[in-house]
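The values are calculated or read from the model by the stated rules, or taken from the named source; none is laboratory data. Computed from a prediction, not measured in an experiment: that's the story for all the values here. Every residue, glycine among them, receives a Cβ derived from its backbone with ideal geometry; neighbour counts consider all protein chains shown. All accessible areas refer to the heavy atoms of the entire protein, side chains included, with ligands and DNA or RNA removed. Shrake-Rupley method; radii C 1.70, N 1.55, O 1.52, S 1.80 Å.
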Amino acid sequence: MSNSSRTSWPVAFPGPTPNSPPAVAQHCPECGFANDDGANYCQRCGAFLAHSDPPPGTTTATYKLGETGELEEIDVDEVIARGPALVIRAGGGRAGESFPLGPGRVTIGRRPTSDIFLDDVTVSRDHAILVRRGSEYYLDDCGSLNGTYVNRRRIESHRLSHGDELQVGKYKLAFLSR
């Protein structure tokens, strides 16, 4: 077969154009692997890839379903005045939904009977459990496939403090207390 008889196929994915933004690799802080831009976890070792801090002025807001079916904003201070709570900050179109925490255990998972039901394949059926031990709250991972993270670190068990960011699958939640 000579070079002149080869078929020229159209390029399905052309390279960058002069006006394209440059592709930037995100290097894993654990293993150094160069991951695609926008990746949240390392493709080689699974470590969380830190992103820049949220823009100034980013706040947590919470809502309740009003009598008319409309979402009504609730002051976060009003929510935590009644006791500690988890507030969904991002994921699943449920940002702002809050869950007051009582003295018992709170189950978190994809199982419809979970106290905090997070319906997404990135969440295990029995993903994590929040337990009060004395006056403190602890988040325990229940052997989930994708792990449970607090402040971008994978945990097995972690004592929560006001403002901690929890990540369960694609959901990000804030732990708020006095």
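Overview of values
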item	result
Strands (runs of 3 or more DSSP E) completely within segment 73-178 that count 1 or more residues being out of contact with any helix residue (DSSP H, G or I) (no Cβ under 7 Å at 6 or more places or on another chain), under 26 Å from Ala47 (Cβ atoms) and open to solvent by less than 20 Å² (accessible area, probe 1.4 Å)	85-90, 106-109, 128-133, 136-141, 148-150, 153-155, 165-168, 171-176
Selection status of Glu67, over 24 Å from Arg152 (Cα atoms), over 18 Å from the mean Cα position of the chain (by Cα) and modelled with pLDDT of 70 or more	yes
